[in-house]
Amino acid sequence: MKRIHMLALVLLLLPLTVLSQTSDEFDSDRPISAWTWLREDASRWKMQQDALVMYTQAGALNGVLFNNVRNMLLQPVTRTSDVSFETELGFDPYYEYRNAGILYYIDDDNYIRVSRGIYDGHDDIWLEWEVAGVTQFVYASSSQPMMCKLMLSILKDGAFRASWSLDGKDWKHFAQQSIAFPSRPAMVGLQAANGDGMAASRVPTTAVFQYFRVHLSTTVSAAPAAMQFSVGMPHPSPLRAGQVAMVDIHMSHAASVRYNVTDLLGREVAQAEELGVLPAGTQSMTFRVVPKTPGLYLLHVHAGDQRVTRRLVLLR
């Protein structure tokens with residue numbers, strides 16, 4: 001009778017094992033079997049001193065021009081709420097566009113990630129997400145740490161929350177977003193890349209992940225819901241110097257709005273314009289293209305502590 005009871009216990013436990021997310025301390029000679037490499041380049045990662053080391057290479061996810069990040073280490077998402085994913089990362093990005101961190105991935109145009117890196121002149125930790133190829137960022141105003149802990153949580157209501165910490169005790173919850181992702185299977189894991197395009201470095205650097213841990217309940221209280229802020233594509237496109245252009249913005253509640261224009265290296269080419277406090281809802285914002293040299297520029301629209309960046313193509 002005892003053997004029958006034991007068999008029943010094993011059969012009851014098997015589905016729970018299959019359906020659970022999996023932590024990995026990276027203390028073996030290879031990642032555990034739950035992981036899958038997406039676009040693997042085996043020459044650019046290794047296990048070393050109880051850590052996973054990735055060597056960054058050309059690749060990006062944001063936007064639609066470059067969807068080519070290599071060595072994404074992923075496992076299926078089997079719990080869609082009340083779960084947190086944590087890693088400890090050693091990384092010194094140094095160059096624009098380099099980034100590393102936690103990735104929640106549906107496909108190259110639908111994802112969310114908590115990263116340490118440099119983007120658009122921000123040497124920071126950020127929450128980045130993309131739906132149907134449209135990218136948005138929230139920056140943490142961090143202390144540019146070379147070693148930090150990152151966390152992506154999916155709360156009970158399905159919202160995503162981004163957090164970071166230096167010691168694993170004092171967590172700073174800097175962003176929370178409800179995102180309408182496509183209803184398709186998702187994966188979660190780690191990635192590191194140089195970014196892509198003419199301004200991105202081709203020189204590799206190391207991203208050292210000490211572990212990947214799954215917490216099956218979020219024991220910290222949820223942060224207040226963040227403002228929903230989105231920015232459409234500027235039009236007309238392409239533009240000409242001095243031309244008045246327009247972009248639609250949407251905010252879930254009133255906030256102070258401003259914008260500025262930079263080149264791809266983050267150098268400001270048009271002084272920031274303060275628009276004051278704008279009401280909630282969708283409205284059109286007009287701006288004048290100041291640079292005279294043809295090329296690719298970036299329009300940054302700020303609402304409160306959030307910012308969305310859109311590309312501007314300038315003709316003669």
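Condition (residue is touching a Pro at 6+ places or on another chain (Cβ under 9 Å) and in contact (Cβ under 8 Å) with a residue 12 or more places away in the chain) applied to the stretch 58-72: is it met by at least one residue?
Scanning the stretch 58-72, I find no residue that is touching a Pro at 6+ places or on another chain (Cβ under 9 Å) and in contact (Cβ under 8 Å) with a residue 12 or more places away in the chain, so the answer is no.
From the set of residues in the stretch 33-64 that are open to solvent by 60 Å² or more (accessible area, probe 1.4 Å) and over 19 Å from Ala100 (Cβ atoms), which is modelled with the highest pLDDT?
Ser33
In the stretch 77-130, how many residues are part of a strand (DSSP E or B), farther than 28 Å from Gln48 by Cβ and open to solvent by 20 Å² or more (accessible area, probe 1.4 Å)?
3
Checking Asp167 against (1) open to solvent by less than 10 Å² (accessible area, probe 1.4 Å); (2) part of a loop (DSSP other than H, G, I, E, B), which single condition isn't satisfied?
Against the list (1) open to solvent by less than 10 Å² (accessible area, probe 1.4 Å); (2) part of a loop (DSSP other than H, G, I, E, B), Asp167 comes up short only on (1).
Can you name the residue in the stretch 142-164 that is touching a strand residue (DSSP E or B) at 6+ places or on another chain (Cβ under 8 Å), in a loop (DSSP other than H, G, I, E, B) and touching a residue at least 40 places away in the same chain (Cβ under 8 Å) and is also surrounded by the fewest Cβ atoms within 10 Å (Cβ to Cβ) among such residues?
Met146
Residues to consider are Gly133, Gly195; find the one that is at positive phi, touching an Asp or Glu at 6+ places or on another chain (Cβ under 6 Å), of a type outside the set (A, V, I, L, M) and open to solvent by less than 30 Å² (accessible area, probe 1.4 Å).
So the residue among Gly133, Gly195 that is at positive phi, touching an Asp or Glu at 6+ places or on another chain (Cβ under 6 Å), of a type outside the set (A, V, I, L, M) and open to solvent by less than 30 Å² (accessible area, probe 1.4 Å) is Gly133.
Among the residues in the stretch 15-23, are any open to solvent by 30 Å² or more (accessible area, probe 1.4 Å), assigned to a helix (DSSP H, G or I), hydroxyl-bearing (Ser, Thr, Tyr) and modelled with pLDDT under 90?
Taking every residue of the stretch 15-23 in turn, at least one turns out to be open to solvent by 30 Å² or more (accessible area, probe 1.4 Å), assigned to a helix (DSSP H, G or I), hydroxyl-bearing (Ser, Thr, Tyr) and modelled with pLDDT under 90.
Within the stretch 134-144, can one find any residue that is at pLDDT below 95, hydrophobic (A, V, I, L, M, F, W, C) and out of contact with any Phe, Trp or Tyr (no Cβ under 8 Å at 6 or more places or on another chain)?
Yes, there is a match, as at least one residue in the stretch 134-144 is at pLDDT below 95, hydrophobic (A, V, I, L, M, F, W, C) and out of contact with any Phe, Trp or Tyr (no Cβ under 8 Å at 6 or more places or on another chain).
The values are calculated or read from the model by the stated rules, or taken from the named source; none is laboratory data. Just so you know, these numbers come straight off a predicted model, no measurement behind them. With ideal geometry, Cβ positions are generated from the backbone for all residues, glycine too; neighbour counts draw on all protein chains shown. All accessible areas refer to the heavy atoms of the entire protein, side chains included, with ligands and DNA or RNA removed. Shrake-Rupley method; radii C 1.70, N 1.55, O 1.52, S 1.80 Å.
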